[in-house]
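Read through the structure below, which is laid out as C-alpha cells, and then see the notes.
Derivation of every value follows stated rules applied to the coordinates shown; laboratory data play no part. Nothing here was measured: the structure is a model prediction, and the numbers come from that model. Here the Cβ positions follow ideal geometry from the backbone for every residue, glycine too, while neighbour counts run over all protein chains shown.
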Amino acid sequence: MRATQFAHVLTVIALTMGGVLLSGDARAEDETFEAAYRALIPGTVAELEGLAEACHAAKLYGWRNETYERVLLLAGDHKRARTWLKYRRSADGHWKRGSYKPPRNLKEPSDAQRVERRAVGERFAGKVLKLMASSSAPLPTARHQALLRLLVRFAPEREDLRKELGEVRARDGRWLLAESVSAATLRAVLAKRAKQTVSAQIAPATARPTAADNALRLGWSAIYQAPHVRLMGTVTKEELVLAVKCLEACYPVFDHVFGKKEEIPKPLVVYLLAASSDKAAILKHHPAADTAYRRWAAKLQSSWLPKTSSIWIFASDRDLRLEWCSRQIMGNRLWRRFGIRGTPGWAFEGCGLYLSHLIAGQRRTFFVRRTQYGKQGSRENDLWDRLRAKDANWREEARKLLASDEAPDLRLLLGKNLNAMNTEDMLAAFAVCAFLLEGRPRQLPSLLESVGRKKQDSIDVLTAAGLDPQTLEIKLRRWLAETR
C-alpha cells in the first residue's frame with residue numbers, strides 16, 4: 001500500500017468515527033481537508049526517508065529506527081521501514097514483529113543533525129496545523145484529537161500542540177494531561193484532610209430519649225447529640241461514638257471539596273442498627289413507614305424514612321454501617337447543595353462513591369443495584385463482586401473497563417438516571433467524577449449545579465466545558481493510565 005493509499009484509509013476512518021454520519025456541506029468540507037492532508041504525505045515520507053538514510057550513514061542507528069517509526073505512522077506498508085524495524089508479513093497478510101531491541105546511536109549527534117531531525121517533524125506538523133486552521137468547518141472530534149496525537153509524535157516540543165491536547169509539563173519533565181498533574185497533588189491532599197477531620201471530631205454529648213424514640217420499642221445502647229446529627233443505635237457505644245465522628249466529619253469535608261460552607265437547618269436523625277429485628281422494629285413502629293414503604297425497604301441496608309430527616313442503617317458489619325453513614329450524608333449534601341439525587345445518575349453515584357470513601361476508606365455501598373438478570377459467573381456479577389471486596393482497586397478496574405470492548409457508551413451513561421444504571425455504568429461514573437474532582441476541582445461545582453438544580457443536559461454542560469463525550473472518553477482513558 002502506498003503512502004497516499006494509507007492516507008485514504010485514514011480518511012475513511014475519520015469520516016465514520018464520532019458516531020454520526022456527516023452530511024452535505026460537512027461531508028464535503030471534511031473530504032476537502034482529507035484530500036489536502038493526503039497530498040502532504042508523500043513529500044513528508046520522502047523527507048523522513050532521507051533523514052533516516054542520513055542517520056544510518058552517520059551511524060545514528062537509534063535515530064534511524066525512530067525515524068522509520070514515524071514513517072509507519074504515515075505509510076503503514078513502507079517496506080524499508082518494516083525491514084529495519086523487524087516486521088515480517090504473515091501468511092494472513094498482517095505485519096507481525098519479531099524479536100526487536102532498539103539500536104543505539106554509535107556517535108554523538110552534531111548540533112546541525114539535531115536541528116534537522118527536529119525540523120522535519122516541525123515542518124509536517126506546521127503544514128497540518130495550518131491546514132486544520134484554514135478549514136471552514138471543524139473536523140469530527142475523534143479525527144481532530146487523533147491528528148493532534150499524531151502531530152505530537154512528529155513535534156513533541158511544540159507547546160501549542162500540547163496545550164490543545166490539554167497537556168502540561170510535569171515536574172519530572174513528562175508531558176501529562178493537566179488533570180493528571182492536578183490529581184497527583186489533590187488526591188493526597190483530600191485524603192489527608194479527610195483523615196485529619198475525622199480525627200479532630202470531639203466526643204459527642206449524650207442525650208435523653210424522647211417519646212418518639214421510646215415509641216420505636218428498641219433498647220438503645222446510647223443516644224448522642226452533635227451539631228448536625230442526632231444518633232441512636234443498638235450497636236456498641238464505641239461504634240456509635242465513631243459513627244458520630246464520621247457523620248459530623250462529612251460536613252466540613254464536603255465543604256472543603258466544593259469550597260463553600262452552608263448552614264444546616266436542623267440536625268438529621270440516624271438510627272444505627274445491629275440486628276435484622278431492629279430494622280423490622282423501625283419499619284413497623286416508625287409513623288413514617290407505611291405498608292408500601294416497608295415492602296420497598298425490606299431488602300435495603302439503609303434508607304431515608306419518607307418525608308422525614310431520619311435515616312436508618314442496618315448492615316452485616318461495622319465497617320459497612322460506618323460507610324453507610326458517610327454515604328447517606330454525602331448524598332444528602334449533593335442534594336441540598338446541587339439538587340442532585342437520582343438524576344443525573346452518574347453525578348450522584350460517582351461523586352457519592354468518591355466522597356464517602358474519603359471518610360470511610362472503602363466503597364461497598366451502592367445505590368445502583370445488581371441486575372436481576374445477571375447469572376452467577378457472568379461478567380457483570382464478577383465485576384460487582386470484585387468492586388465490593390475490601391481490597392478492591394476501583395481505579396484499576398475502571399482503567400481496564402474503559403480500555404475494553406465492554407466500556408459503557410458515555411453518551412448513554414450521561415443521560416441515565418440512577419435506576420437505569422448497571423455495574424459497568426457505576427464504575428464508569430465513579431471514574432468520570434474522580435477525573436472531575438481531582439482534575440477540574442474549580443469547574444466541578446458549576447457543572448454539578450447546572451446538571452442538578454438547573455436541570456441542564458449533562459452532555460451539553462460537559463461539552464461547553466470542552467468535554468464532549470468523545471473527548472471525555474479519550475481524556476478519561478489516558479488520565480486513568482497516567483494516575484495509576
Counting only residues 5 or more apart in sequence or on a different chain, those whose built amide H sits under 5 Å from that of residue 236 are none
Taking the chain, how much of its Cα-Cα pair set, in percent, is spaced more than 40 angstrom apart? 37 percent
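Please compute the length gained on full extension between residue 88 and residue 369, using 0.36 nm multiplied by the number of residues separating them and subtracting their Cα-Cα distance. Kindly include the intermediate steps, with their values, before the conclusion.
Values: separation 281, 0.36 × 281 = 101.16 nm, distance 4.97 nm.
That pair, residue 88 and residue 369, stretches by 96.2 nm at full extension.
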Which angle from 0 to 90°, rounded to the nearest 10, does the C-alpha axis of helix 345-360 make with the longest principal axis of the chain? 70 degrees
Amide H partners (placed H, <5 Å) of residue 303, local residues excluded: 312
Sequence neighbours fewer than 8 away in the same chain don't count; with that in mind, list the lysines whose C-alpha is under 19 Å from residue 127. 163
Using the Karplus equation 6.51 cos²θ - 1.76 cosθ + 1.60 (θ = phi - 60°), what ³J(HN,Hα) coupling, rounded to whole Hz, does each residue of the stretch 180-188 give in order, writing x for Gly and Pro? 6, 5, 4, 5, 4, 9, 5, 4, 5
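Under the 0.36 nm per residue contour assumption, what length would be gained going from the current alpha-carbon distance of residue 123 and residue 153 to full extension? Mind showing how you got there, number by number?
Working: separation 30, 0.36 × 30 = 10.80 nm, distance 1.27 nm.
Here the answer is 9.5 nm.
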If you place +1 on the Cβ of every Lys and Arg and -1 on the Cβ of every Asp and Glu, how big does the dipole about the Cα centre of the chain come out, in debye to the nearest 20? 920 debye
What are the ³J(HN,Hα) values, in whole Hz, obtained from phi via the Karplus relation 6.51 cos²θ - 1.76 cosθ + 1.60 with θ = phi - 60°, for each residue of the stretch 285-298 in sequence order, with x given for Gly and Pro? 9, 6, x, 7, 9, 8, 4, 4, 5, 4, 5, 5, 8, 4
Along Cα→Cβ, 7 Å out, is where each label goes; now give me the distance between the ones at residue 105 and residue 382 in nm to one decimal. 4.7 nm
Provide the gained length on full extension for the span residue 208 to residue 295, in nm with one decimal, where the gain is 0.36 nm per separating residue minus the Cα-Cα distance. 28.2 nm
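What pairs from 237/284; 279/307; 195/400 go past 20 Å between their alpha carbons? Each step should come with its number before you reach the end.
Numbers: 237/284 24 Å; 279/307 18 Å; 195/400 29 Å.
Over 20 Å apart, Cα to Cα: 237/284; 195/400.
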Can you find, among 426, 466, 78, the residue sitting farthest towards the positive end of the charge dipole of the chain, where Lys and Arg contribute +1 and Asp and Glu -1 at Cβ? 426
What are the ³J(HN,Hα) couplings of the stretch 206-212, residue after residue, when phi is run through the Karplus curve with 6.51, -1.76, 1.60 and θ = phi - 60°? Round to Hz, x for glycine and proline. 6, 9, 7, x, 8, 4, 5
Relative packing of 245-254, 343-352, 260-269, which averages over residues the other C-beta atoms within 10 Å, highest first: 343-352, 245-254, 260-269
Highest-first arrangement of 450-460, 282-292, 312-322, where packing means the average Cβ count within 10 Å: 312-322, 450-460, 282-292
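For the stretch 67-155, which chymotrypsin sites (Phe, Trp or Tyr not before Pro) are both in a DSSP coil and crowded by at most 13 other Cβ atoms within 10 Å?
Counting only loop positions with at most 13 other Cβ atoms within 10 Å, the chymotrypsin sites (Phe, Trp or Tyr not before Pro) in the stretch 67-155 are 100.
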What is the set of long-range amide H partners of residue 422 at a cut-off below 5 Å, with H atoms built 1.01 Å from backbone N? none
The stretch 458-476 residues near the modelled residue 409 label - backbone nitrogen below 14 Å, point 7 Å along Cα→Cβ: 469-470
For the stretch 305-349 and the stretch 111-185, compute the distance between their C-alpha centroids and round to whole Å. 43 Å
Please say if the stretch 3-165 is rounded, prolate or oblate, where rounded means a/c under 1.5 for a ≥ b ≥ c the square roots of the C-alpha gyration tensor eigenvalues, and otherwise the choice is prolate for a/b larger than b/c and oblate otherwise? oblate
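Which value in deg cm²/dmol, rounded to the nearest 500, describes the helix-derived mean residue ellipticity at 222 nm for the chain, given -39,500 (n - 2.57) per DSSP H run of n ≥ 4 and division by the residue count? Present the calculation step by step, with values, prior to reporting the outcome.
Values: 21 runs with 284 residues, N = 484.
Only helices count here, giving -19000 deg cm²/dmol.
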